[in-house]
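This report refers to the structure that appears directly beneath it.
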Amino acid sequence: MAYVVTENCILCKYTDCAVVCPVDCFHEGPNFLVIDPEECIDCDVCVTECPAAAIFPETDLPAGQEKFLEINAVLAKTWPVITKKKDPLPDADEWNGAEDKLQHLKK
Ligand code: SF4
Ligand code: F3S
């Protein structure tokens, strides 16, 4: 099992999650973070840290978010690890909760 970053992180990238992960399994792209499923130990602490409520266990993904399982696994292989807090993206609060953000994912 692993935890998965889902669509609402896109264009927000608050990064609070990366700071608390005990095994440093968050990886950073231009406007999204992913979790490496091979490193995640299912500790659950990142879930409540995310202001965008974008993190779920892979066994409890919201409807329509299943594709993020593969997106996390694939992008975690090439994106660098992030362990420190950064400023969110400039319009993060406006994008938080917006629909159909997957089209904006930059790889
Ligand atoms: Fe890291 Fe724990 Fe979140 Fe997995 S569940 S990504 S180990 S903080
Ligand atoms: Fe994204 Fe939430 Fe982390 S918006 S960067 S999953 S704190």
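Coordinate-derived values only; no laboratory data. All of these numbers come straight from a predicted model, not from anything done at the bench. Glycine gets a Cβ as well: all are built from the backbone with ideal geometry, and neighbour counts include every protein chain shown.
Observations
- Leu102-Asp60 pseudo-label distance in nm [points 7 Å out on the Cα-to-Cβ vector]: 2.2
- Value at 222 nm in deg cm²/dmol, rounded to 500, when DSSP H runs of n ≥ 4 in the chain each add -39,500 (n - 2.57): -3500 deg cm²/dmol
- Lys84 versus Glu49: modelled label distance in nm, points set 7 Å from Cα along the beta carbon direction: 1.5
- Stretch gain in nm, segment Glu94-Asp42, where the contour uses 0.36 nm per residue and the Cα spacing is subtracted: 15.7 nm
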